[in-house]
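Here the structure comes first, spelled out in structure tokens, and everything after it is commentary.
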Amino acid sequence: MNPVKKIAAVFLSLLIALSLYDSRMAEAAASMQWSPTQQQAVDRTTASDGVLRSQLSSLYRTFTDVQEQLRQSDLNINAQHYKNEETKSGLTKQVKMIDADKIAKLEAAAKQAKDKYKPLFSMYTSINQQVKTANKLKNKQLSSALKAQADTMKVAVQIAKADIKNKEQALSAAKTKRTAAQKKIRGIMAQADPLRIRIKAEKSTASSLNKNVSPLWRNVTQAVKGGNGKQVYNALNTLVSQLRQIQERKQRILSLENQIGGILQNAKTQLASVS
């Protein structure tokens, strides 16, 4: 897939996911609001107690505010998380490609040098074998002529070997440098791993806390039906306390996601300096 199209597809998926999530959250929020009938029941229940009515009204505003904070936290967490994942994916690919062009050129240069000098080495080896054969045959004239030819070629062979060695050393040095750079960037990226473990733990705690929300909301609605203002206040206060605990966990998650974003940004900066 074309890189541009791939990125567009990822962001489209993100937008769809966030839209669906926001829709579900809106439905949940709608179910945790007093209906007009319930509001009238609360008003009747607290009609004779102005202080309680004021306290309950203030608590209900806090209740709706905390729900909005939770919705916003979820949106912020999702946005930062997907941004981090996109950055991580891009970095992983870029790290693999550090000095890739340079090393490819050096590999090609080393191979070309070996191929270039291969006929020279073959000829030099062949002449030296002929010298040995001439010596065995005790043909001094032929041996002398071949040896002179071999000696003439020896300098060219030494130069060729030095050229190949230099190119292989340059290739080896480039690979060593690339490995060190990759290790450095991956080491920086790995600093985010403990934070991801903490996020998982925070999400687990938030999920456990969230399981109590529906039962606590039922307690509130049942208290409204019962017509006891103090029971309504106490039930709603318990629910608000639970939601605040969830919000606290979500804020921790968002903070951890932001820290991961900072680590990945540092990795990007360091990658730019070694590329």
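The values are calculated or read from the model by the stated rules, or taken from the named source; none is laboratory data. What you see is a predicted model; the values in this text were computed from it and never measured. Every residue, glycine among them, receives a Cβ derived from its backbone with ideal geometry; neighbour counts consider all protein chains shown. Remember, those area values only see protein heavy atoms, side chains included, never the ligands or the DNA or RNA. Shrake-Rupley method; radii C 1.70, N 1.55, O 1.52, S 1.80 Å.
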Those residues of region 37-57 which are more than 50 Å from the chain's Cα centre (by Cα), within 11 Å of Val232 (Cβ to Cβ) and polar (S, T, N, Q) amount to Thr45, Thr46
Over region 125-144, the set of residues part of a helix (DSSP H, G or I) and either modelled with pLDDT of 95 or more or open to solvent by 60 Å² or more (accessible area, probe 1.4 Å) (or both) is Thr125, Gln129, Gln130, Lys132, Thr133, Asn135, Lys136, Lys140, Gln141, Leu142, Ser144
Residue hits (region 184-201; open to solvent by 30 Å² or more (accessible area, probe 1.4 Å) and in a helix (DSSP H, G or I)) are Lys184, Arg186, Gly187, Ala190, Asp193, Pro194, Arg196, Ile197, Arg198, Lys200, Ala201
Residue pairs within 6 Å by beta carbon, gap of at least six or interchain, first lying in region 102-125 and without any contact (Cβ under 8 Å) to a residue 40 or more places away in the chain, second open to solvent by less than 100 Å² (accessible area, probe 1.4 Å), listed first then second, are Tyr124/Met153; Tyr124/Val157
Counting only residues in region 257-275 that are assigned to a helix (DSSP H, G or I) and open to solvent by 60 Å² or more (accessible area, probe 1.4 Å), the one farthest from Arg178 (Cα to Cα) is identified as Asn258
Review point. If we scan region 171-186, do we find a residue that is under 30 Å from Phe63 (Cα atoms), within 36 Å of the chain's Cα centre (by Cα) and not polar (S, T, N, Q)?
Key: no
Selection over region 155-183 where residues are open to solvent by less than 60 Å² (accessible area, probe 1.4 Å) and over 30 Å from Gln270 (Cβ atoms) yields a count of 6
For region 45-90 the number of residues that are open to solvent by 60 Å² or more (accessible area, probe 1.4 Å) and polar (S, T, N, Q) is 6
If you go through Leu243, Leu236, Leu195, the only one that is touching a residue at least 12 places away in the same chain (Cβ under 8 Å), under 30 Å from Met97 (Cβ atoms) and not hydroxyl-bearing (Ser, Thr, Tyr) is Leu195
